[in-house]
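Data block below; observations after.
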Amino acid sequence: MARVQATADVAEDAQLGEGTSIWHLAQVREGAILGQNCVIGRGAYVGSGVRMGDNCKLQNYALVYEPAILEDGVFVGPSVVFTNDHYPRSITPDGQLKRGDDWEAVGVTVRTGASIGARAVCVAPVTIGAWALVAAGSVVVKDVADFALVAGVPAKRIGWVGRAGVPLEQTADDRWRCPQTGELYAQDNESLTLLTSTPASSETPDTSMETTTS
């Protein structure tokens, strides 16, 4: 069963997978769906209808606004923000307070295994590719390719990372190798493809979290 701290605010109709933990002062809104073994850190926010796969981690004070989609194994660092509005305004042109049906929500999609560094901002609509790594403090305004390492404001690709999360080493013009796992990758312009996998890649992901205390 899921574990929910007494100070957390979880909507009655939110779905929490087996082994998921919701820590102090976190909020999970109506209709959100969280998979198995997810960790929602202190003060984190999961918007209405957000969907998360298995083994995802939201670190402390991360803000994931609807309609974001996180696939399996996604890591979202402390104080990361996923936006959800093309043209944000508090009021209409005639000065009236905008309501929920006055705008069209757009979301951030994060593919399997990707990681978003601390205090990064992902400006919707945008897709973060599988196993990509967004450096801390980056502002992502366009899609990120699978395995890409991006950094800066706006974020740009500065290298490639493998499934272990460490930068890849170039072995030929279009070949890359992970120094940790030995996995090999092929580059085709601005895309990277895994060529070989290792037994280590089948290990069960670690669902622990460093910051799970009050």
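The values are calculated or read from the model by the stated rules, or taken from the named source; none is laboratory data. Note that this is a predicted model, so its numbers are computed, not measured. Cβ sites come from the backbone with ideal geometry, for glycine too, and all protein chains shown count toward neighbours.
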Answer from Asp94, Asp72 - the residue that is modelled with pLDDT under 95 and not hydrophobic (A, V, I, L, M, F, W, C): Asp94
Number of positions in region 131-156 that are more than 17 Å from the chain's Cα centre (by Cα) and either assigned to a strand (DSSP E or B) or of a type in the set (D, E, K, R) (or both): 1
Count of region 25-72 residues which are in a strand (DSSP E or B) and touching a Cys at 6+ places or on another chain (Cβ under 9 Å): 7
Only listed residue being free of Cβ contacts under 8 Å to residues at least 60 places away in the same chain, within 15 Å of Ile128 (Cβ to Cβ) and surrounded by fewer than 18 Cβ atoms within 10 Å (Cβ to Cβ), chosen from Val110, Val106, Val74: Val106
Residues of region 117-141 classified as β-branched (Val, Ile, Thr) and either more than 14 Å from Lys156 (Cα to Cα) or surrounded by fewer than 24 Cβ atoms within 10 Å (Cβ to Cβ) (or both), total: 6
Where His86 falls short, out of the listed (1) at pLDDT below 95; (2) more than 23 Å from Ile128 (Cβ to Cβ); (3) of a type outside the set (Phe, Trp, Tyr): (2)
